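Asks: Quick one: structure below, then a few questions.
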Amino acid sequence: MRAEASRLLPAALSLLLFLPFCFGIRTFRYELPSSTVFTRFSEAPEYRNGAECSSSSTDDTATSCDPSLVHIAMTLDSEYVRGSMAAIHSVLKHASCPENVFFHFIAAEFDQATPRELSKLVRSTFPSLNFKVYIFREDTVINLISSSIRLALENPLNYARNYLGDILDSCVDRVIYLDSDVVVVDDIHKLWNINLSGSRVIGAPEYCHANFTKYFTEKFWSDPVLSRIFASRTPCYFNTGVMVMDLARWRIGNYKKKIESWMELQKRTRIYDLGSLPPFLLVFAGNVEPIDHQWNQHGLGGDNVKDSCRTLHPGPVSLLHWSGKGKPWVRLDAKKPCLLDHLWKPYDLYRAQDSASPAPSSYSSTLISYLSY
């Protein structure tokens with residue numbers, strides 16, 4: 001079967017390729033806010049509910065407080081806006097009831113593109129999308145951020161997920177958090193319907209075979225008081241780019257403050273080298289609702305040290321995640337793509353030099369099935 005897949009893969013790939021708070025801490029590889037760039041995003045197809053979908057509102061106007069909707073939170077900024085647009089597109093493309101999805105976008109206060117400009121871009125690209133844009137005050141977290149092994153990980157907006165309980169309307173009790181470098185190739189309602197059992201606050205795919213000790217420094221593990229934090233639980237690594245979050249439990253448990261406490265300690269004595277991930281691990285690892293790995297096929301951007309091409313993990317695929325240094329739009333533009341970057345391309349709405357990108361097709365799913373067999 002694998003030999004057959006290897007024969008069919010080139011043909012499938014061929015079909016896919018030829019289908020008709022502080023400026024000093026940030027770097028920008030993708031310049032945005034000019035009118036010429038804004039006009040280079042094509043309007044997405046209009047995705048409508050089927051007859052089997054229940055209506056969420058009598059006046060066809062969804063609100064951010066409607067509990068019957070699927071609520072998704074994402075950051076939105078000039079550096080990763082191209083990835084964000086592709087991620088939104090992929091969610092709508094595969095959702096069984098796309099009109100029942102509501103996006104909560106978190107935009108930085110001092111981005112090159114203002115929250116108003118980014119909001120206009122989303123509206124022009126997705127005219128019927130249900131969404132709201134919130135402004136993230138970077139000074140909320142800037143003094144808590146410590147240096148990381150990669151400058152991009154120091155972006156204050158990476159820490160916005162810590163403050164969703166405060167940023168989003170208080171009526172929003174549950175949300176799916178997604179990074180901007182993902183594409184969803186399955187019905188998002190399936191992820192939304194996952195139950196967070198007991199008193200668990202978040203759900204995410206866990207990777208218990210990973211070496212958990214490498215996420216913290218030797219100083220952390222040699223300190224008997226610090227390392228004892230994991231004594232009563234079996235911690236596993238999980239990626240914070242895809243999480244189902246119970247914001248009601250989050251607010252009651254004041255988890256924002258718990259994460260901040262570890263960040264404050266990190267400023268005094270270095271206990272980890274990565275950015276926003278380790279504080280989440282310290283608070284939640286060992287007490288996460290396990291979600292199937294198909295919902296976060298992460299690492300497709302390579303690791304934090306050397307940019308490299310990755311293959312899919314064994315098993316089915318519902319979400320592809322280009323975590324790491326390599327982003328598919330950068331590699332595709334440079335004409336140095338990894339094989340899996342071609343799975344991202346059909347959702348790209350950016351028109352380089354006014355050449356429209358192809359619409360998503362069934363060939364993406366075909367190629368995924370071959371690669372993940």
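Please treat every number below as a calculation from the coordinates, not as lab data. Nothing here was measured: the structure is a model prediction, and the numbers come from that model. Cβ placement follows ideal geometry from the backbone for every residue including glycine, while neighbour counts extend to all protein chains displayed.
Asks: Along each of its three principal axes, how wide is the spread of alpha-carbon positions in the range 71-204, in whole angstrom units, largest first?
Replies: That gives 41, 41, 30 Å along the principal axes, largest extent first.
Asks: Using Cα centres only, tell me the gap between the range 224-240 and the range 281-335 in whole Å.
Replies: Computed from Cα coordinates, the inter-centre distance equals 22 Å.
Asks: Rounded to the nearest 0.05, what FRET efficiency is calculated for V225 and S308 with R0 set to 45 Å and r the Cβ-Cβ distance?
Replies: That pair, V225 with S308, gives E of 0.75.
Asks: Cα-Cα over 31 Å: which of K132/K336; K219/K335; K132/K258; K258/K345; K257/K345?
Replies: Listed pairs above 31 Å: K132/K336; K219/K335; K258/K345; K257/K345.
Asks: I've got another one for you. So how strong a dipole does the range 166-253 carry about its Cα centre when Lys and Arg Cβ are +1 and Asp and Glu Cβ are -1, to the nearest 20 debye?
Replies: 420 debye
Asks: Expected output is a single nm value to one decimal: the length gained when fully extending between K325 and E52, i.e. 0.36 nm times separation in residues minus the C-alpha distance. What is it?
Replies: Computed gain between K325 and E52 is 94.2 nm.
Asks: Over the Cα atoms of the range 237-284, what radius of gyration and what Dmax do you get, in Å?
Replies: For the range 237-284, the Cα radius of gyration and maximum Cα-Cα distance read 11.4, 32 Å.
Asks: Sticking with this structure for a sec: Please state the shape class of the range 239-316: rounded when a/c is under 1.5, otherwise prolate if a/b exceeds b/c and oblate if not, all from the C-alpha gyration tensor.
Replies: Oblate, since a/c reaches 1.5 and b/c is not below a/b.
Asks: Straight-line reach from K190: which lysines fall under 16 Å, measuring Cα to Cα and dropping same-chain residues less than 8 apart?
Replies: Excluding near neighbours in sequence, the set is K93.
Asks: If R₀ is 22 angstrom, what is the calculated FRET efficiency for the pair R174 and L274, using the beta carbon separation as r and rounding to 0.05?
Replies: The calculated FRET efficiency here is 0.20.
Asks: Taking 0.36 nm per residue of sequence separation and subtracting the Cα-Cα distance, how much length would be gained by fully extending the chain between I135 and S261, in nm to one decimal?
Replies: The I135-S261 span can extend by a further 43.0 nm.
Asks: Provide the gained length on full extension for the span N254 to L339, in nm with one decimal, where the gain is 0.36 nm per separating residue minus the Cα-Cα distance.
Replies: Difference between extended and current length: 26.3 nm.
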